[in-house]
Amino acid sequence: MTSEAQARMRAGDLYRAGHPDLVALRARAQRLMRAYNDTTVSDGDVRRPVLAELFAAVGSGSAIRAPVYVDYGCHITIGQDVFLNYACVLLDVCDITIGDGTQIGPMVQILTADHPRDPAARAEGLENGRPIKIGANCWIGGGALILQGVTVGDDAVIGAGAVVTRDVAAGVTVAGNPARPLRDP
């Protein structure tokens, strides 16, 4: 059941992260992350139920290397045959959707969380976010950061270490900070 605080957060409205409902959801996610991160690849019978409880959905054939880190987990939908390498961070104050067949390198950060630009709003402890959508059959290189509100089109490639601040069109390769399309040689 979604609380009013959770609904505001997921909608991208200003919210307080210290709201008791959100604190409880994060505590739940932390318990599940600890359980998952204490397993190895040979513990499939233990891992699958934990992932099913942690995430909104995980498609068949998907592999998530431990450790993985989330804020809530329940706002993350992972398609079929997705691969997440070690130490990925998915801050899901808003929805994160990862399409079928996408491969994500180690230490990638997918960050829907944001903070108001107005210093008075920040001083009040308010936060906000915007969803991230990653299409099918994408490759995201190690250490890349994908920031709030970004959509990555199908078949796109994001270079290692890129900082993605804008949408990436389908089939385009981007790299750098901020990430920009690479030109064909």
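Please treat every number below as a calculation from the coordinates, not as lab data. Here the structure is a predicted model, which means the values were calculated and not measured. Note that we place each Cβ from the backbone using ideal geometry, even for glycine, and neighbour counts take in every protein chain shown.
Couple of notes before you dig in:
- When +1 charges are put on Lys and Arg Cβ atoms and -1 charges on Asp and Glu Cβ atoms, the dipole computed for the range 55-179 relative to its Cα centre reaches about 220 debye.
- Counting only DSSP H runs of at least 4 residues, each contributing -39500 (n - 2.57), and dividing by the residue count of the chain, the helix-based mean residue ellipticity at 222 nm comes to -6500 deg cm²/dmol.
- Looking at the chain alone, DSSP beta bridges between its own residues are antiparallel in about 15 percent of cases.
- With both labels modelled 7 Å from their Cα along Cα-to-Cβ, the Asp118 to Asp154 distance reads 4.1 nm.
- With each label modelled as a point 7 angstrom along the Cα→C-beta vector, the Leu126-Asp43 pair spans 4.2 nm.
- Local electrostatic count at Gln80 - Lys and Arg +1, Asp and Glu -1, tallied over other residues with Cβ under 15 Å: -2
- Nitroxide proxy distance, nm - points 7 Å out along Cα→Cβ at Ser3 and Leu182: 4.5
- Toward the positive end of the charge dipole of the chain, with +1 on the Cβ of Lys and Arg and -1 on the Cβ of Asp and Glu, the farthest Cα among Ala179, Gly44, Ile78 is that of Ala179.
- Computed from the Cβ-Cβ distance with R0 of 25 Å, the FRET efficiency linking Ala17 to Ala57 stands at 0.55.
- Along each principal axis, taking the top coordinate minus the bottom one, the Cα set of the chain gives 53, 46, 22 Å in descending order.
- Dipole magnitude of the range 12-82 about its Cα centre (Cβ charges: Lys, Arg +1; Asp, Glu -1), debye to nearest 20: 160
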